[in-house]
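Everything on this sheet refers to the single structure shown next.
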Amino acid sequence: SILKNDGVILSKLSKDSWTISGNAEMKLKEKIERIGTPLKDWDIKISYGIRTGFNEAFIIDGKKKDELIAADPKSAEIIKPILRGRDIKRYKAEFADLWIIVVKKNFANEFMNKYHVLYNYVKNFENELKNRGQVKNGSHHWIEIDNSPTDAYLEEFEKEKIVWNRIASIKLFSLVKEPFLIQDSMHFITGSDLNFISSILNSTLYVWLMNLIIGKAVGGNAGNSDNVRKLPIPKISEEAQQPFIEKVNQILSAKERGEDTCDLEREIDAMVYQLYELTAEEIAIVEGK
């Protein structure tokens, strides 16, 4: 870091990321990093979403899904619910009744021979699908999804996960317990301690910290997996995590009922401040007071 004469620090966070902050903000950031453990050192895995290469062929609404399954009940085996970036909200995602026809890696022959109704539907987009770059270079069959999802990769979506939109300017993290797939504008975390981790990531402290580290730019660097892997979260016992977990569950239940959760989120904020041992002056920095 380089200290300028006016008391502003120009800090080189990585080869791709700069931030300009005052001395007090940088000291607070260093304190948070000293108390926390980078997420990469937790028992978690970070994965990326599904890239179809042509969403119009593979992503359908609930009405079309019902039509296809009515025509051939086998279709339900490979039609899965999917979330978009705009569906990601703080703590809880809002499912928009969108579904994806999952034509995974090395699945073309089985798909064409077994799922005739779905094949005939996707075949309507044959020209567009054949013009995809990965099809032209021979990476996969024209009727398969672009990032060639394997069974092992698809199994990750079946697990509870924390999902965020990596290209959004506002960093929001949804705790998704359902087996939803997600689009490629997002990353997701699977593994242990997800309720607790989600409470930290959605706190006011982390809104401040991520804006300091990553900024508010929209694009691939706005919340990429490398930046998130470095975020420092204190490793505490399962017993110490329980108050956070209970608050998150209360928030999820309240959101399910359409209730306001601001008070519960402020309670988590206070618990997070205490966890990182913030002083009143440091809290004022975070809250812009």
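The values are calculated or read from the model by the stated rules, or taken from the named source; none is laboratory data. Computed from a predicted model, the values in this text were never measured in an experiment. Because the Cβ atoms are built from the backbone with ideal geometry, glycine has one as well, and the counts that use them run over all protein chains shown. Just the protein is used for accessible areas: all its heavy atoms, side chains included, with ligands, DNA and RNA removed. Shrake-Rupley method; radii C 1.70, N 1.55, O 1.52, S 1.80 Å.
A few comments on the model shown:
- Residues in segment 127-144 that are open to solvent by 40 Å² or more (accessible area, probe 1.4 Å) and either part of a loop (DSSP other than H, G, I, E, B) or not small (Gly, Ala, Ser) (or both): 127, 128, 130, 131, 134, 136, 137, 138, 139, 141.
- Counted residues, segment 236-250 - those being touching a helix residue (DSSP H, G or I) at 6+ places or on another chain (Cβ under 8 Å) and open to solvent by 50 Å² or more (accessible area, probe 1.4 Å): 3
- Identity of the residue in segment 173-204, open to solvent by 40 Å² or more (accessible area, probe 1.4 Å) and not hydroxyl-bearing (Ser, Thr, Tyr), that ends up farthest from the chain's Cα centre (by Cα): 193
- Residue in segment 271-283 that is nearest to residue 25 (Cα to Cα), counting only those that are assigned to a helix (DSSP H, G or I) and open to solvent by 30 Å² or more (accessible area, probe 1.4 Å): 282
- Scanning segment 251-270 for residues that are open to solvent by 80 Å² or more (accessible area, probe 1.4 Å), part of a helix (DSSP H, G or I) and either farther than 21 Å from residue 287 by Cα or hydroxyl-bearing (Ser, Thr, Tyr) (or both) yields a single hit, 256.
- From the options 281, 246, residue that is over 24 Å from the mean Cα position of the chain (by Cα) and not small (Gly, Ala, Ser): 281
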